[in-house]
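**Student:** Handing you a structure now.
The values are calculated or read from the model by the stated rules, or taken from the named source; none is laboratory data. In this text, all values refer to a predicted model and were calculated from it rather than measured experimentally. Cβ coordinates were reconstructed from backbone atoms using ideal geometry, including for glycine residues, and neighbour counts include every protein chain displayed.
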Amino acid sequence: MPQSENSSLIRAAEIAAFFDIPRPVTAHDFEDKGNMSHEMYLIRAGTGAETREYLLQRMNNDVFTKPVEVVRSLETCMAAQRAYMEANPLPEGVSWHTVRLVRAAHGRTILEIVDEASIAFWRLMERIPGCVAYKSLSMVQDNDKRLQLAEQAARGLALFGDLTSNMEAEKLSYPLPGYRDTRVYYAQLDSVMGGTRTLDDAGPYLPADETVKEGTQFHFWLHLDDEEYEARLNDPELQPYIDTALENRDLALTLLRAIERGTVRLVAIHGDTKLENFLFDAETGAVRALVDLDTIMPHTWLADWGDMARSLVNVAGEKVSDLGEIRVDLDIFEALARGYLSTAREATDAEIALMVDAVQILALELGVRFLADYLRGDTYFKLAPEDPPDLNKTRAMVQLTLFQELTANAQDMRTIIERYAMARRHP
């Protein structure tokens, strides 16, 4: 083991020992952490048959600038889930696990460590046993198992939505100001297409909310020289996708307007429903938990549904260079619809009627985000040294092509939703 890695594990064990767990304490690399935005370690505590496992996370306070509020929302979410299950027992055979944080010696579930260079926030949670996670459906070769996995993920999302339905969403803070605000994303696109280069010039486009403004304003102006900006803006390959984004602005704002009108509920949503955040029983394949709860925020559950479905029905993936490979897997969509609508108790008819629109909207929204970022100079979706310089252009074209494919398949998708909605109304 390299010396630096060994030192990190020793340090992680020392930090974990500040929490109320058995002794001795050892730290290990956590191989399943995927794209977590936090530093993470597997902690083993105790001896023999009494050994227990935990996950230790150093929260990324560059991304989550108010870590104490993030943890407070997480604890509120966990308490709400447990309270709902006590009042409304789950169907026989259904098992659901909530994340459990461990308290530190000072009685709090977040540990603040200050040194000369930085302030670090750490938390420790019990590891849910007997579970597996999948980074993508492409990891699963068997088609029947892929469909089962999709159905179970949708069941998990429905369970999460029900279990958190009694939370007072309007009292939750926003962990990432401007996140999932489609108006902000379009305003950024408008601003960079207008050639904005300073904060003053961006003034007409900036959000009125001061917190959102402060958290997003850097992405409202150009970070490219004139020559490169003009080349990107006038790229003939990109023009049809810019047109698609601008022509469908009204559709993109549908969910926000529905919330504002009160036709859909404002609820606590997960905010990041990629497949790897669902845990599945290693033996049965049944969904067991939805984890990584740092982006809990007020919105409609349709945003979570749309983002999950958008991702899973896209057979080609999000970085494919041949746009002709992009198509919608209707079998996967049907599995998702079946899983969600056979499980959800609290979803309303008005919300269900927007389920197909929501998938289109989230693809469109993400396409706008990638497009604006590429045009301004890749300030949000930052590129790694090994990435091609036009990666965000590719990502934008993939999502906007997916949006077009979803639009072309919308009637078939509506038929599927209506079939399972009817079965839900008349079991």
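**Student:** For the range 83-122, how many residues meet the condition of being outside any helix (DSSP H, G or I) and under 23 Å from Phe280 (Cα atoms)?
**Tutor:** Within the range 83-122, residues that are outside any helix (DSSP H, G or I) and under 23 Å from Phe280 (Cα atoms) number 15.
**Student:** Another one. Can you pull out every residue in the range 288-315 that is farther than 22 Å from Ile128 by Cα and not in a helix (DSSP H, G or I)?
**Tutor:** If the condition is that a residue be farther than 22 Å from Ile128 by Cα and not in a helix (DSSP H, G or I), then Met297, Pro298, His299, Thr300, Asn314, Val315 are the ones that fit.
**Student:** Name the residue that is modelled with the lowest pLDDT, counting only residues in the range 38-82 that are within 18 Å of Ile15 (Cβ to Cβ) and not in a strand (DSSP E or B).
**Tutor:** Within the range 38-82, the match that is modelled with the lowest pLDDT is His38.
**Student:** Same structure again: Residues in the range 370-393: is at least one surrounded by 22 or more Cβ atoms within 10 Å (Cβ to Cβ), modelled with pLDDT of 95 or more, closer than 22 Å to Thr273 by Cα and in contact with a Gly (Cβ under 9 Å, 6 or more places away or on another chain)?
**Tutor:** Looking through the range 370-393, none of the residues is surrounded by 22 or more Cβ atoms within 10 Å (Cβ to Cβ), modelled with pLDDT of 95 or more, closer than 22 Å to Thr273 by Cα and in contact with a Gly (Cβ under 9 Å, 6 or more places away or on another chain).
**Student:** Hand me the list of helices (runs of 4 or more DSSP H) wholly inside the range 149-263 holding 2 or more residues that are among the basic types (Lys, Arg).
**Tutor:** The helices (runs of 4 or more DSSP H) meeting that bar are 254-261.
**Student:** Show the residue pairs that are 6+ apart or on different chains and have beta-carbon atoms under 8 Å apart, the first residue being within the range 107-119 and farther than 14 Å from Asp20 by Cβ, the second being of a type in the set (Lys, Arg).
**Tutor:** That search, which allows pairs on different chains as well, returns nothing.
**Student:** Going by the structure shown, is Gln399 assigned to a helix (DSSP H, G or I), assigned by TED's automatic domain parsing to the domain that holds Leu159, touching a residue at least 60 places away in the same chain (Cβ under 8 Å) and touching an Asp or Glu at 6+ places or on another chain (Cβ under 8 Å)? Explain how you work it out, then say what you get.
**Tutor:** Details: assigned to a helix (DSSP H, G or I): yes; assigned by TED's automatic domain parsing to the domain that holds Leu159: yes; touching a residue at least 60 places away in the same chain (Cβ under 8 Å): yes; touching an Asp or Glu at 6+ places or on another chain (Cβ under 8 Å): yes.
Yes, satisfied.
**Student:** Confirm whether Leu362 is surrounded by 22 or more Cβ atoms within 10 Å (Cβ to Cβ) and either among the hydroxyl-bearing types (Ser, Thr, Tyr) or closer than 30 Å to Pro89 by Cβ (or both).
**Tutor:** no
**Student:** Quick test for you: out of Glu227, Glu214, pick the one residue that is free of Cβ contacts under 8 Å to residues at least 12 places away in the same chain, acidic (Asp, Glu) and in the same structural domain as Gly178 (by TED's automatic domain parsing). Steps first, please.
**Tutor:** On the way: Glu214 fails: free of Cβ contacts under 8 Å to residues at least 12 places away in the same chain.
After ruling out the rest, the residue left standing is Glu227.
**Student:** Give the residue, chosen from Gly285, Gly317, Gly324, Gly306, that is closer than 30 Å to Lys393 by Cβ and either β-branched (Val, Ile, Thr) or modelled with pLDDT of 95 or more (or both).
**Tutor:** Numbers: Gly285 fails: closer than 30 Å to Lys393 by Cβ; Gly317 fails: either β-branched (Val, Ile, Thr) or modelled with pLDDT of 95 or more (or both); Gly324 fails: either β-branched (Val, Ile, Thr) or modelled with pLDDT of 95 or more (or both).
Selected residue: Gly306, the only one of Gly285, Gly317, Gly324, Gly306 that is closer than 30 Å to Lys393 by Cβ and either β-branched (Val, Ile, Thr) or modelled with pLDDT of 95 or more (or both).
**Student:** Would the range 46-60 turn up any residue that is in contact with a strand residue (DSSP E or B) (Cβ under 7 Å, 6 or more places away or on another chain) and among the aromatic types (Phe, Trp, Tyr)?
**Tutor:** Looking for residues that are in contact with a strand residue (DSSP E or B) (Cβ under 7 Å, 6 or more places away or on another chain) and among the aromatic types (Phe, Trp, Tyr), one finds at least one in the range 46-60, hence yes.
**Student:** Among the residues of the range 340-370, write down those that are part of a helix (DSSP H, G or I) and more than 19 Å from the chain's Cα centre (by Cα).
**Tutor:** Leu341, Asp349, Ala350, Glu351, Ile352 - these are the residues of the range 340-370 that are part of a helix (DSSP H, G or I) and more than 19 Å from the chain's Cα centre (by Cα).
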